[in-house]
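As structure tokens, the structure follows; a few thoughts come after it.
Just so you know, all these numbers are worked out from the coordinates, no wet-lab data involved. Everything numeric here is computed off the predicted structure, so don't read it as measured data. Glycine also receives a Cβ, built like all others from the backbone with ideal geometry; neighbour counts cover every protein chain displayed.
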Amino acid sequence: MLGGRLLQLFTVLLSLRDGRRSPPRELLNRGGNVERYWRPLFVSLLLVLGISLSKAGAQQIQWTGYEEALKEAQKTGRPVLLYFFVKNCQYCEQMESKTLVAGRVVEYLSEEFVSARVDGDKSPQLARRYMVRGFPTIWFLSPDGKPISSLPGYVGPEELAKVLRYIRGGHYRSKSLREYLSGS
């Protein structure tokens, strides 16, 4: 029975795709009515729309500028993540489409860090100050603005999440990142 209804719904969807404004007559002639076929379609569309809107409303990293990030970090006591990028950079695009949108990374950066984006083309003096030799590069700063560590190149979401915990937990004061990641 469910398979038959799914087949009918699929037929309705195909007919709509083909430009029809109502279900095929053969469906209506089987004792059905328009409401019977439009209701599942309408509910399905609402479900798809709801899922799309929930993803659109998902938490995002609140990027700020360099100076604002330093002020905010001092005020809140949170470390700073400086993300250096340039336009037309394949690895920067990967970083932004995969790593910097991953749920755990976004959540951790939003709650535990002050995050600043720095366009290396528009701020070359700042990139030189932090010895950025390639893009993307991430620098971590203490809440008082002192450099802690850098991550040059593309970093995947799982790796970045581990580094964020390392920095935020203050483990850099007593262990190298390699020691922290190996569990010693």
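Structural remarks
- Those residues of segment 62-82 whose amide nitrogen sits under 14 Å from the label point placed on GLU96, 7 Å along Cα→Cβ: 63-64
- Residue exposure proxy: GLU67, GLU112, ordered by other Cβ atoms within 10 angstrom of their Cβ from fewest to most, comes out as GLU67, GLU112.
- Taking each of LYS75/LYS122; LYS122/LYS146; LYS71/LYS98; LYS122/LYS175; LYS71/LYS122 in turn, the alpha-carbon distance tops 25 angstrom for LYS75/LYS122; LYS71/LYS98; LYS122/LYS175.
- Listed values for segment 86-99 are Karplus-derived 3J(HN,Hα) couplings in whole Hz (6.51 cos²θ - 1.76 cosθ + 1.60, θ = phi - 60°), namely 9, 6, 6, 10, 4, 6, 5, 5, 5, 4, 6, 8, 10, 7, and x replaces Gly and Pro.
- Diffusion constant of segment 63-182 at 25 °C, which comes from Stokes-Einstein with the Kirkwood Cα-pair radius and 0.890 mPa s, µm²/s: 171 µm²/s
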